[in-house]
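What follows is one structure encoded as structure tokens, with my remarks underneath.
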Amino acid sequence: MMRSVDREDSLLVGIDVGGTFTDLVLYNTKTKRFSALKVPSNRDQPDAAIISALDKSDADPKDIGLVVHGTTVATNALLERRGSKVAFITTKGFRDVLELGRTTRLVPRTLYVPHFKKPKALVDRCDRYAVEERTESNGSITSDVNLIELENVAKQLQGEGVEAVAIGFINSFKNTANELKAGRLFSAYFDYVSISTDVLNEMREFERFSVCVMNSYVQPVMARYGMALSKEIERRSKHTSFYTVGSNGGLLSTEAVKNQPVRSILSGPAAGVAATIHLAEEIHLQNIITLDVGGTSSDVALIANSKFPLKRETIFEGMIIKLPQLDIHTVGAGGGSIASLDVGGGLHVGPESAGAVPGPAAYGRGGSLPTVTDANVVLERLGANQQMGGSLCIDYEEAVTAISKIAIKAGITPENMAEAILRLAVAKIASAVQEISAMRGHDPRDFALVSYGGAGPLHAALVASEVGIKEVVIPPTPGAFSAFGTLCSPLTKDRSETVLQPITENTLETARHIHNKLSSKLTSEFENEKRSTKGIHFEMQMDMRYEGQAHELTVAVDPDLPLDQIIEIFEKNFEKEYGRRDTGRVVELVNVRIIARLPVASPRWTEVKGGSGSPKETRQIYVSGESHNVPIWAREDLTQGSTITGPAVIEEMSATTFVPASWFAKLGRVGELSLRRS
């Protein structure tokens, strides 16, 4: 039976698994209203936190039509090297491609580090096997793969604790026959087998081998996690669809996650950006910088002309992921970032974090080190006894004790130290905003800043002031906005194929043939997952470059466009990126990529009703070394049209917004909070 992805059940559930909290958003398609809740995350058993959140929501499983979640399981497995033991099977003579890489340092800002150590390969050399086979650069096979040799290797690996096998042969992007044969043989011995052309069917051996090995490394972990969660949700209701957010902002089925988990590496941050685009369409914003401040880090992305920010290649902990990924910049400054003094008395914030357990001292869970959250508590921007996420209560005395430890060493008051910590944290976050905007030719003053995450609204206006942004938007339920974003994306798949020819009429005809072939293949993949393909949409991308160049530029094109218009689109994008164009120079078509998107039911924004229009209390907070008596608002008490002049604090279940002096805030039509500098 085909399962429709646009059926209208009464409840849609979005879940975001963070380091400190697991957030759940419940959207009612009948009332067009949504609610949010938080539960503490369980790093060792992230699925347990998801189930806990579903239980806490009190939603009847029979009423839930869709559950979507963003996860960091694959990310953490790579970061902490907690993946499975992998064997890599490759062509004789190419055993060390993974080790050689690009013969450059793939860890940013390490060029002049004298004691730099290259990150260890995911597969030890003793677990890389070179076998007899050869596919030439033109696709002809001059040496068939030796199946007897492969079978002997497979039997040997079974006794060595290998759980997953990655297969990557030279030039297989031109002819996959040998890889497919090897894949079938190893699949008879192992549950988890990845072949490089299934993950990335493009030229460049290191990039293709690298992403294939990464896929195998996290595959058993993600498969067990995804299948267990999927079975639990199906046990509760057989009518509930379950998806995971992919790194490209689209949704992945459980089967897709099981087969290609490497596509979920940036699952969590992608959901927040998807939610921002969904909100921006409603409030008529096109150029946005997103700021997601969590417990450990801050993620910044730039959205120009409402386009989801993607890049074709990501460097991740010294590894290359050459797949469509969210284009994001991350710095180690979040609510849980630890403040410390070096031997010279210099102040540092992050990248070390107090994490979920024990967390900041103010959480009262045994933490004793001073953090950014504790600094906000000392300054009383987070109030004593304030409920955080509905499950944690702020302990003012513990925060003061933690901040005092380094304030005494520095010879200043806890309040002055707290302000210093915040100024440094804001400066680090502002540098990430500059990195993704000004350093790429965009003036941040031409963008609005949309800030979310548990700690985002507290610092958003301060960061905006630092970089010259004049408008800040705080979305509804900002602390759970990424969870909401999981419900704002279509099911997405993509396939690519290398052409590597000067672009001519004949080459363009080849590209159209690839478009039709891959579109049909992607449609079949959806149908094999029992998904209705009603409403499916295809996008064609071309990786193009001038002849003689080493790297290409990706442009989206209509396959029916004539040749001269496609070349003009490439040269226009090239000029925008590099400030020039080489008109008349031969243009090469390197890869053709087809992206298939299948829409799912998603939330719709509705106009909110105003509240009482009065602050709930006043409180003494510290600003610029002085104590000010400021109004403390509950967000639900705000009314449309009324203006809140800073300094002021706006509290809600999932986050707290700080409105500095010289800024004012207004409630928007769909519940967004707009902050502007006066």
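None of the figures in this text is laboratory data; all of them are computed from the coordinates on show. Only a predicted model underlies this, so the values are computations on that prediction, with no experimental measurement involved. All Cβ positions, even for glycine, are placed from backbone atoms using ideal geometry, and neighbour counts span all protein chains on display.
Quick notes on this structure:
- Point-charge dipole on Cβ atoms (K/R +1, D/E -1) for the chain, about Cα centre, debye to 20: 300
- Cα lying deepest toward the dipole's positive end in the chain, options I436, S52, I195, charges on Cβ: S52
- Lys/Arg +1, Asp/Glu -1 at C-beta; region 491-598 dipole; positive extreme among N573, V557, A596: A596
- Out of every Cα-Cα pair that region 83-215 contains, those further apart than 18 angstrom amount to 53 percent.
- Global geometry of region 444-532, whether rounded, prolate or oblate, following the gyration tensor of its Cα atoms and the 1.5 cut on a/c: oblate
- Within the same chain, lysines fewer than 8 places from K576 are excluded, and of the rest, those with a Cα less than 20 Å from its Cα are K307, K311.
- Enclosing the Cα atoms of region 617-664 in their convex hull gives a volume equal to 76 cubic angstrom per residue.
- Each residue of region 583-591 was assigned a 3J(HN,Hα) from its phi angle through the Karplus expression (A = 6.51, B = -1.76, C = 1.60, θ = phi - 60°), giving 4, x, 7, 5, 9, 9, 9, 8, 10 Hz with x at Gly and Pro.
- Charge dipole of the chain about the Cα centre (unit charges at C-beta), most positive-ward option of L100, G350, G159: G159
- Over region 491-598: Kirkwood hydrodynamic radius from C-alpha pairwise inverse distances, Å: 14.6
- Normalising the average separation of contacting C-alpha pairs (under 8 angstrom, six or more residues apart) by the number of residues puts the relative contact order of region 272-429 at 17 percent.
- Looking at region 76-198 alone, DSSP beta bridges between its own residues are antiparallel in about 15 percent of cases.
- Scattering profile of the chain at q = 0.10 Å⁻¹ [log10 I(q)/I(0), Debye over alpha-carbon scatterers]: -0.99
- Helical content alone sets the calculated 222 nm signal of the chain at -9500 deg cm²/dmol, taking -39,500 (n - 2.57) per DSSP H segment of four or more residues and averaging over every residue.
- Taking a straight line from the alpha carbon of K62, these aspartates and glutamates sit under 19 Å away, with near neighbours fewer than eight places off in the same chain left out: D6, E8, D9, E232, E234.
- Nonlocal amide H pairs with L251, under 5 Å, H built at 1.01 Å: G246, L491, T492
- Rounded to the nearest 20 debye, the dipole magnitude of region 83-215 is 660 debye, with +1 charges on Lys and Arg beta carbons, -1 on Asp and Glu beta carbons, and the Cα centre as origin.
- Couplings 3J(HN,Hα) of region 507-519, computed from phi: 5, 5, 5, 4, 4, 5, 5, 4, 4, 5, 5, 6, 4 Hz, in residue order, whole Hz [Karplus 6.51 cos²θ - 1.76 cosθ + 1.60, θ = phi - 60°; x for Gly and Pro].
- The lysines whose alpha-carbon is closer than 23 Å to the alpha-carbon of K120, local same-chain residues fewer than 8 away aside, are K85, K92, K322.
- The label-point distance for A177 and Q286, in a model that sets each label 7 Å from Cα toward Cβ, rounds to 5.1 nm.
- Legend: calculated FRET efficiency, K576 to T639, from the Cβ-Cβ distance at R0 = 41 Å, rounded to 0.05, equals 0.40.
- DSSP assigns beta bridges within the chain; of those with both partners inside it, close to 70 percent run antiparallel.
- For V623, the residues whose modelled amide H falls within less than 5 Å of its own, excluding neighbours fewer than 5 places apart on the same chain, are H628.
- Inverting the pair-averaged 1/r between distinct Cα atoms of region 146-191 gives 11.1 Å as its Kirkwood hydrodynamic radius.
- Unit charges on C-beta of K, R, D, E only; dipole of region 378-455, Debye: 260
- In degrees, nearest ten, helix 147-158 long axis to first principal axis of the chain (Cα): 30
- Label point distance in nm, T618-S143, each placed 7 Å from Cα along Cα→Cβ: 8.4
- For region 249-262, 3J(HN,Hα) per residue [Karplus equation, 6.51 cos²θ - 1.76 cosθ + 1.60, θ = phi - 60°, Hz, x = Gly/Pro]: x, x, 9, 10, 6, 4, 5, 5, 5, 5, 7, 9, x, 4
- Whole-number percent relative contact order across region 617-664, with pairs defined as alpha carbons under 8 Å at least 6 apart: 28
- Label sites at L341 and S187, each approximated as a point 7 angstrom past Cα along Cα to Cβ, lie 6.3 nm apart.
- Footprinting exposure proxy for W605, W663 (fewest neighbouring C-beta atoms within 10 Å first): W605, W663
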